[in-house]
Amino acid sequence: MDYGGPVSFRLAAKHPGRVEALIVQNGNAYEEGLREFWEPMKAYWQHPSSENIDKIRSLFTLEQTKWQYTNGVRNIEAISPDNWKIDQSLLDRPGNDEIQLALFYSYRTNPPLYPQWQEYFRKYQPPTLIVWGKNDYVFPADGAYPYQRDLKNAEFHLLDTGHFALEEDGDTIADYIRRFLTTHVADKTMHKNLATA
């Protein structure tokens with residue numbers, strides 16, 4: 001999911017024999033998934049000027065943090081304000097804005113690896129569950145569909161929610177994960193534990 005997607009894909013492509021399955025929730029591996037939200041980021045990657053940095057800094061405000069949790073959801077009242085309040089308290093720590101800027105700048109190293117990850121998908125065909133908030137503006141559903149091009153047997157679910165799909169559809173996603181792992185992953189001990197979780 002989000003930043004975690006590229007971390008996982010780097011590991012999977014490097015050690016394909018260690019991967020039993022993939023579960024992808026709004027985690028991008030395709031150019032199609034980098035749309036309008038990413039335009040200021042792409043400008044920053046090309047020219048980390050003060051002007052481009054200032055456009056990125058606006059993402060660290062309470063208003064923007066709340067927006068990430070609420071944009072595209074069906075029922076804003078179902079999303080706990082604790083989410084953005086806790087996140088914002090951490091974002092507001094002294095010096096954290098520079099850390100966030102460094103993370104955004106580092107993200108530029110992911111798109112050049114997309115072809116390598118896609119080749120991993122095509123070659124190894126890991127069992128894959130895709131659960132995606134289709135109203136996500138950060139990683140839109142345009143980035144979800146291409147997985148089906150490369151992963152011939154992917155289980156694919158678009159949910160009527162936003163970026164943090166678990167906040168609104170956690171129970172639904174948990175059910176998908178349980179069924180998927182029971183079908184595709186051999187470790188019966190884990191299945192027993194999942195059934196009781």
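The values are calculated or read from the model by the stated rules, or taken from the named source; none is laboratory data. Remember, predicted model here, so these are calculated numbers, not experimental data. Note that we place each Cβ from the backbone using ideal geometry, even for glycine, and neighbour counts take in every protein chain shown.
Residues in the range 1-25 that are closer than 19 Å to residue 108 by Cβ and touching a strand residue (DSSP E or B) at 6+ places or on another chain (Cβ under 9 Å): 5, 8, 9. If you check residue 106 against the conditions, is it of a type in the set (S, T, N, Q) and over 19 Å from the mean Cα position of the chain (by Cα)? No; evaluated as a whole, the condition is false for this residue.
Hey, does the range 26-42 have a residue that's in contact with a strand residue (DSSP E or B) (Cβ under 6 Å, 6 or more places away or on another chain) and under 21 Å from residue 135 (Cα atoms)? Scanning the range 26-42, I find at least one residue that is in contact with a strand residue (DSSP E or B) (Cβ under 6 Å, 6 or more places away or on another chain) and under 21 Å from residue 135 (Cα atoms), so the answer is yes. Being of a type outside the set (Val, Ile, Thr), touching a strand residue (DSSP E or B) at 6+ places or on another chain (Cβ under 7 Å) and without any contact (Cβ under 8 Å) to a residue 60 or more places away in the chain is a property that residue 175 lacks. For the residues 83, 52, 71, the requirement of being more than 21 Å from the chain's Cα centre (by Cα) and not charged (D, E, K, R) singles out 52.
Considering the range 47-80 alone, what residues qualify as being out of contact with any helix residue (DSSP H, G or I) (no Cβ under 8 Å at 6 or more places or on another chain) and exposed (fewer than 13 other Cβ atoms within 10 Å of the Cβ)? Hits for the range 47-80 are 47, 49, 50, 51, 54, 63, 77. Only one entry in 124, 120, 105 is of a type in the set (Phe, Trp, Tyr), closer than 30 Å to residue 182 by Cβ, at pLDDT 95 or above and surrounded by fewer than 17 Cβ atoms within 10 Å (Cβ to Cβ), namely 124. Select from the range 20-39 the residues that are buried (at least 18 other Cβ atoms within 10 Å of the Cβ) and not in a helix (DSSP H, G or I) and list them in ascending order. Of everything in the range 20-39, those that are buried (at least 18 other Cβ atoms within 10 Å of the Cβ) and not in a helix (DSSP H, G or I) turn out to be 22, 23, 24, 25, 26, 27, 28, 29, 30, 34. Residue pairs whose Cβ atoms lie under 7 Å apart, separated by 6 or more positions or on different chains, with the first residue in the range 28-50 and closer than 27 Å to residue 121 by Cα and in contact (Cβ under 8 Å) with a residue 12 or more places away in the chain and the second among the aromatic types (Phe, Trp, Tyr) and part of a loop (DSSP other than H, G, I, E, B), are 28/139; 33/139; 37/137. Consider the range 137-186 and keep the residues that are among the hydrophobic types (A, V, I, L, M, F, W, C) and part of a loop (DSSP other than H, G, I, E, B). The one that is surrounded by the most Cβ atoms within 10 Å (Cβ to Cβ) is 144.
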